[in-house]
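Student: Take a look at the following structure, please.
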Amino acid sequence: MVSGMIVSASYRTDIPAFYGAWFLARLAAGYAAVASPYGGPPYRVALDAASVSGFAFWTRNIAPFRPALDAVKARGTPFTVQFTITGYPHALERAVIAPDAAATQLRALADEHGPRIAVWRYDPILLTSLTPPAWQRANFARLAASLAGATDEVTVSFAQIYRKTRRNLDAAARAGNFAWHDPDPAEKRALVAGLAEIADSHRMRLTVCAQPDLIAPPAAAASCIDATRLSDVAGRPIAARRKGNRPGCDCSESRDIGAYDTCPHGCAYCYAVSSHTGARRRHRDHDPAAEGLAPALGVKTPTATA
């Protein structure tokens with residue numbers, strides 16, 4: 001049984017797409033400095049081979065990260081990839097790669113590493129006048145067909161409407177001349193059930209991220225950071241207790257090394273960005289040699305170890 005911590009990189013930002021050089025530098029250094037999202041001093045997360053049992057990478061574009069994947073593989077550390085492909089209109093996703101290009105990347109991951117490496121994320125589901133339920137079903141079916149055989153799981157959830165999310169969505173709706181709404185639970189459950197049937201027809205299990213009230217067979221709860229999947233990839237048991245990041249989360253315990261407000265993808269619904277202008281500025285000013293991903297957010301020499 002392998003001990004050590006699973007490291008998440010990152011549900012707070014897209015490290016593979018934008019911060020690969022920084023990740024490689026931190027891998028060589030053996031640690032990363034992380035700004036606490038709850039205030040307080042920054043802390044260190046160990047990244048040496050003895051301290052990390054596996055990596056969970058989150059991205060919309062893995063291509064720039066191939067040198068980092070090679071480095072992780074060379075030292076024998078297993079990894080999984082949560083690969084988001086939604087194919088939404090430009091008004092909602094202004095700077096992501098095309099869905100066909102993303103699907104090609106995911107299939108290449110499966111060809112090189114096997115279908116247990118990558119999980120397709122169709123996440124979040126957002127209902128707008130541009131993306132109503134019928135559009136969602138047709139779009140999901142097209143993407144599922146393009147990914148059949150390359151992954152055995154697709155994870156979904158509906159957009160979480162925080163105050164900053166509502167503000168950014170309202171601004172995007174005014175600029176893009178569309179309307180959006182947060183559907184009631186019955187409408188959400190009906191759409192999830194329909195997508196689960198489509199996924200099943202393409203030999204994928206549909207899982208729901210941290211929204212257990214929307215789950216009905218054949219859908220199941222998602223473990224986005226999953227010690228079982230990492231064990232399958234590694235070919236050896238990897239120990240980690242279940243310890244979710246929020247109510248309803250069924251993830252294995254991990255430490256995340258990302259930073260909020262640093263992703264320049266510009267997705268209108270993003271829960272991790274308060275200001276798209278600020279995120280683009282932080283990406284532009286990012287120093288790949290810094291200990292922390294976002295020194296502009298106050299990451300200095302760490303004073304604690306985690």
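Student: Give the residue, chosen from LEU143, LEU147, LEU127, that is in contact (Cβ under 8 Å) with a residue 24 or more places away in the chain and farther than 20 Å from PRO218 by Cβ.
Tutor: That would be LEU127, the only listed residue that is in contact (Cβ under 8 Å) with a residue 24 or more places away in the chain and farther than 20 Å from PRO218 by Cβ.
Student: From GLY30, GLY54, GLY40, which residue is small (Gly, Ala, Ser) and closer than 16 Å to ALA259 by Cα?
Tutor: GLY40
Student: So in segment 222-243, with the set limited to residues that are surrounded by fewer than 16 Cβ atoms within 10 Å (Cβ to Cβ) and farther than 15 Å from ILE117 by Cα, which one is farthest from the chain's Cα centre (by Cα)?
Tutor: By that ranking, first place goes to PRO237.
Student: Report, by residue number, each residue of segment 180-215 that is within 16 Å of ASP250 (Cα to Cα) and exposed (fewer than 15 other Cβ atoms within 10 Å of the Cβ).
Tutor: Result: PRO212, ASP213.
Student: Find the strands (runs of 3 or more DSSP E) located wholly in segment 1-107 whose residues include 1 or more that are hydrophobic (A, V, I, L, M, F, W, C), buried (at least 23 other Cβ atoms within 10 Å of the Cβ) and out of contact with any Asp or Glu (no Cβ under 9 Å at 6 or more places or on another chain), and list them. Give the steps one after another, and end with the answer.
Tutor: Numbers: elements: 5-9, 31-34, 43-46, 52-59, 79-84.
Filter on segment 1-107 gives 52-59, 79-84.
Student: Look at segment 108-135 and say how many of its residues are surrounded by 18 or more Cβ atoms within 10 Å (Cβ to Cβ), acidic (Asp, Glu) and over 16 Å from the mean Cα position of the chain (by Cα).
Tutor: Total meeting the criteria: 0.
Student: Right, another one. Could you tell me whether any residue of segment 217-230 is outside any strand (DSSP E or B), in contact with a strand residue (DSSP E or B) (Cβ under 8 Å, 6 or more places away or on another chain) and at pLDDT below 95?
Tutor: yes
Student: Return yes when ASP287 is out of contact with any Cys (no Cβ under 9 Å at 6 or more places or on another chain) and either of a type outside the set (A, V, I, L, M) or modelled with pLDDT of 95 or more (or both) and no when it is not.
Tutor: When the stated conditions are applied, ASP287 passes them.
The values are calculated or read from the model by the stated rules, or taken from the named source; none is laboratory data. Computed from a predicted structure; not experimentally measured. For neighbour counting, all protein chains shown are included, and Cβ atoms are generated from backbone atoms with ideal geometry for every residue, glycine included.
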